[in-house]
1. Considering every residue within region 75-83, establish whether at least one is among the aromatic types (Phe, Trp, Tyr), under 30 Å from Thr22 (Cα atoms), more than 23 Å from the chain's Cα centre (by Cα) and assigned to a loop (DSSP other than H, G, I, E, B).
2. Determine if region 44-56 includes at least one residue that is of a type in the set (A, V, I, L, M) and in contact (Cβ under 8 Å) with a residue 12 or more places away in the chain.
3. Here's a check for you: in region 129-154, which residue that is surrounded by 15 or more Cβ atoms within 10 Å (Cβ to Cβ) and of a type outside the set (A, V, I, L, M, F, W, C) is modelled with the lowest pLDDT?
4. Which one of these is touching a residue at least 12 places away in the same chain (Cβ under 8 Å), under 21 Å from the mean Cα position of the chain (by Cα), surrounded by 10 or more Cβ atoms within 10 Å (Cβ to Cβ) and part of a loop (DSSP other than H, G, I, E, B): Val69, Val104, Val95?
Amino acid sequence: MPGARKTRKRIGRGPGSGTGKTAGRGHKGQKARSGYSMRRGFEGGQMPLLRRIPKRGFHHRKRYPFATVNLDVLDRAFEANALVTPEALLAARLVEVAKGGVKVLGRGELSKKLTVRVNEVTPTARAKIEAAGGTVEIIDVPAAPAYKKAQEES
């Protein structure tokens, strides 16, 4: 089909080519040189937008994200009277490794008695676990090494 394949433009191959001499780069300057690549956000020496806008907010250096799991998931995954720990949740592939540990959220219902030993529990989840006859134990946050060990074993 005519025009389906366009021939490549040979740049910098003499005045007869139409793109000889400066090869479409204009005259001199940084952009005309080889190896030029403008860094992200560079505005030609003008103060970039990212630095003109004031900084906002606050970042807590010791606050880490939790791996979350809901009650309906625990109800499906564990038998009655089971011990729910971060290691057990990781082994069952219900959570991924998170620096802050595991947090149980209150979505769904719990129909069996469970012993939940995690890093954080929402008030709704705690009430539902205790209503089903289970218990909640909060463990300390530095549980990340135990996760890594459990992940290496599996």
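1. Checked against the condition, which is being among the aromatic types (Phe, Trp, Tyr), under 30 Å from Thr22 (Cα atoms), more than 23 Å from the chain's Cα centre (by Cα) and assigned to a loop (DSSP other than H, G, I, E, B), region 75-83 yields no hits at all.
2. No.
3. That would be Tyr147.
4. On inspection, the qualifying residue turns out to be Val95.
The values are calculated or read from the model by the stated rules, or taken from the named source; none is laboratory data. Bear in mind the structure is a predicted one, so any value in this text is a computation, not a measurement. In this analysis, Cβ positions are derived from the backbone assuming ideal geometry, glycine residues included, and neighbour counts consider all displayed protein chains.
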